[in-house]
Amino acid sequence: MWGKPYSAERRRGVETAPVVYGELRKRGLRVLPGGDYGFAWNPQGTNARDFEHFVDILGYTPAETLSAATMLGGQMMDMGDELGLVKPGYLADLLVVRGNPIENIKLFQDRDNLVVIMKDGVYHKAPTGAGNGHAAAGAARVKSVWE
């Protein structure tokens, strides 16, 4: 898992994370995946693995992980009525993913699975009919994981 030798102290710190996160969850504290960091085991540019770590290491379900990455962020910034949901009147950045991340949280790690990317209401990667001809239609049928 580590890829190269790390100090026993660092390894112990990471190995106790599931216990700590489990206690945080038990107490109802909200924890979010993601961040602006570049740890040796999760370098910059591989942050999509955070979702996988939340599921495989910290014990969250994929739905809990996606909720934490979206809805809880808005709540924690005291902006839960402005962002964190795909809902009329809300601010939203949007990723449309090819596949079902509830079944495979690793889908976010392959850029080819990111069918549409919208930032501040502007397409960074627009839907197209190229390839399978279903991307644009799929973007129009996005369902929330909470429905």
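The values are calculated or read from the model by the stated rules, or taken from the named source; none is laboratory data. As the structure is a computational prediction, the values presented were derived from the model and not from experiment. Cβ coordinates were reconstructed from backbone atoms using ideal geometry, including for glycine residues, and neighbour counts include every protein chain displayed.
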For this session: May I ask you to say which residue of 55, 97 is surrounded by 15 or more Cβ atoms within 10 Å (Cβ to Cβ), at pLDDT 90 or above, among the aliphatic types (A, V, I, L, M) and more than 27 Å from residue 127 (Cα to Cα)?
Result: 55
For this session: Run down 65, 70 and say which single residue is modelled with pLDDT of 85 or more, closer than 28 Å to residue 18 by Cα, polar (S, T, N, Q) and in contact with a Phe, Trp or Tyr (Cβ under 8 Å, 6 or more places away or on another chain).
Result: 65
Exercise. Any idea which residue in region 100-127 is modelled with the highest pLDDT, counting only those that are surrounded by 13 or more Cβ atoms within 10 Å (Cβ to Cβ) and farther than 24 Å from residue 49 by Cβ?
Worked result: 126
Exercise. For residue 65, are the conditions met, namely being assigned by TED's automatic domain parsing to the domain that holds residue 29 and either assigned to a loop (DSSP other than H, G, I, E, B) or not small (Gly, Ala, Ser) (or both)?
Worked result: yes
For this session: Output the qualifying pairs, or none if there are none: Cβ atoms under 9 angstrom, residues six or more apart or on different chains, first residue in region 10-26 and of a type in the set (Phe, Trp, Tyr), second residue outside any helix (DSSP H, G or I).
Result: 21/31; 21/57; 21/58; 21/59; 21/60
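State whether the residues of region 87-101 include one that is in a helix (DSSP H, G or I), of a type outside the set (Asp, Glu), in contact (Cβ under 8 Å) with a residue 24 or more places away in the chain and closer than 30 Å to residue 13 by Cβ. Lay out the reasoning, then the answer.
Initial filter on region 87-101 (in a helix (DSSP H, G or I)): none.
No: zero hits.
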Problem set entry | Candidate set from region 58-94 (those that are of a type in the set (Gly, Ala, Ser) and loosely packed, with under 15 Cβ neighbours inside 10 Å); member that is farthest from the chain's Cα centre (by Cα) | 89
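Within region 26-33, does at least one residue satisfy the condition of being farther than 24 Å from residue 125 by Cα and at pLDDT below 85?
No, that holds for no residue.
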